[in-house]
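Novice: Attaching a single structure in structure tokens format; questions to follow.
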Amino acid sequence: MSNTILEDRVEIIPFSPELKHHIKVLNFEWLNKYFKVEPNDEIVLSNPQKEIIDKGGFIFYAKYNNQIVGTFSLLKIDECTFELSKMAITEKIQGLGIGKKLLENCFNFAKERNIQKLILYSNRKLETAIHLYEKYGFVEIELETGMYERADIKMEKIIM
């Protein structure tokens, strides 16, 4: 199946309480594969309403064939800056353009909300993800210490 056909069948939907467990399941899948679940991951992913939504952030899901297969969050830093975080796509459906669709939705949402800058933290080991971020205009900036144990790169994108 071509990526375009798949992308047309993927629906991006906002957070709702009945979907809250998906952010944890999807993120734990990749965290356990590549790294480990850090204490802050456990806190945020176990209570996304309190830790993301109630603090002014947003969560979105990718729905395909009536299943939630991906997610991303925007964590509020300040009125103009949000962290693109907790982005995950289930391994069984990776490589089919869902990450691209999630990012495009993220940028459109940011423009609508007058968000001026997105930042993200990642790890160079995640080459496919880093390549996708660069393709969509993220550039590497200085990484402060102590944000995430696994982070060895920080990137930002200015939203026009």
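Novice: Mind checking which pairs have a first residue in the stretch 15-28 that is open to solvent by 40 Å² or more (accessible area, probe 1.4 Å) and a second that is among the small types (G, A, S), Cβ under 7 Å, 6 or more apart or different chains?
Specialist: Matching pairs, first to second residue: K24/S46.
Novice: Can you list residue pairs whose Cβ atoms sit under 6 Å apart, with the first residue in the stretch 91-104 being closer than 12 Å to A129 by Cβ and the second being open to solvent by less than 20 Å² (accessible area, probe 1.4 Å)? Count only pairs 6 or more apart in sequence or on different chains.
Specialist: Pairs found: L102/A62; L102/G70; L102/F72.
Novice: Please list, ordered by first then second residue, the pairs with beta carbon atoms under 8 Å, 6 or more apart or interchain, first in the stretch 140-152 and more than 18 Å from L31 (Cα to Cα), second at pLDDT below 80 and open to solvent by less than 80 Å² (accessible area, probe 1.4 Å).
Specialist: Once the first residue is more than 18 Å from L31 (Cα to Cα) and sits in the stretch 140-152, no partner that is at pLDDT below 80 and open to solvent by less than 80 Å² (accessible area, probe 1.4 Å) comes close enough.
Novice: Which count do you get for residues in the stretch 29-53 that are in a loop (DSSP other than H, G, I, E, B) and open to solvent by less than 80 Å² (accessible area, probe 1.4 Å)? Explain how you work it out, then say what you get.
Specialist: So the first thing to find is which residues in the stretch 29-53 are in a loop (DSSP other than H, G, I, E, B), and the list is 35-38, 47.
Still in the list and also open to solvent by less than 80 Å² (accessible area, probe 1.4 Å): 35, 37-38, 47.
Total meeting the criteria: 4.
Novice: Based on this model, can you work out whether L75 counts as under 27 Å from M160 (Cβ atoms) and either assigned to a helix (DSSP H, G or I) or modelled with pLDDT of 95 or more (or both)?
Specialist: Judged against the criteria, L75 is a match.
Novice: Now for a different question. Have a look at N108, N114 and point out the one that is free of Cβ contacts under 8 Å to residues at least 12 places away in the same chain and either in a strand (DSSP E or B) or polar (S, T, N, Q) (or both).
Specialist: Every option except N108 fails the conditions.
Novice: Another question about this same structure. May I ask you to say which residue of K92, K101 is in a helix (DSSP H, G or I), touching an Asp or Glu at 6+ places or on another chain (Cβ under 6 Å) and at pLDDT below 95? Outline the logic, then answer.
Specialist: On the way: K92 fails: touching an Asp or Glu at 6+ places or on another chain (Cβ under 6 Å).
So the residue among K92, K101 that is in a helix (DSSP H, G or I), touching an Asp or Glu at 6+ places or on another chain (Cβ under 6 Å) and at pLDDT below 95 is K101.
Novice: Go through I119, I115 for me and flag whichever is among the β-branched types (V, I, T), over 15 Å from the mean Cα position of the chain (by Cα) and either open to solvent by 50 Å² or more (accessible area, probe 1.4 Å) or under 25 Å from I158 (Cβ atoms) (or both).
Specialist: I115
Novice: Given the criterion polar (S, T, N, Q) and open to solvent by 90 Å² or more (accessible area, probe 1.4 Å), identify the matching residue among T128, T90, T81, T71.
Specialist: Residue meeting the stated conditions: T128.
Novice: Also, quick follow-up: Looking at the stretch 56-68, which of its residues are in contact with a strand residue (DSSP E or B) (Cβ under 6 Å, 6 or more places away or on another chain) and open to solvent by 60 Å² or more (accessible area, probe 1.4 Å)?
Specialist: Across the stretch 56-68, the qualifying residue is only K63.
Novice: Can you find a residue in the stretch 48-56 that is at pLDDT below 90 and of a type in the set (A, V, I, L, M, F, W, C)? So that I can check it myself, show each step before the final result.
Specialist: At the first step, the residues of the stretch 48-56 found to be at pLDDT below 90 are none.
No; the residues of the stretch 48-56 include none that is at pLDDT below 90 and of a type in the set (A, V, I, L, M, F, W, C).
The values are calculated or read from the model by the stated rules, or taken from the named source; none is laboratory data. Just so we're clear, the structure is a prediction, and the values are computed from it rather than from any experiment. Please note: Cβ atoms are built from the backbone with ideal geometry, for glycine as well, and neighbour counts cover all protein chains shown. All accessible areas refer to the heavy atoms of the entire protein, side chains included, with ligands and DNA or RNA removed. Shrake-Rupley method; radii C 1.70, N 1.55, O 1.52, S 1.80 Å.
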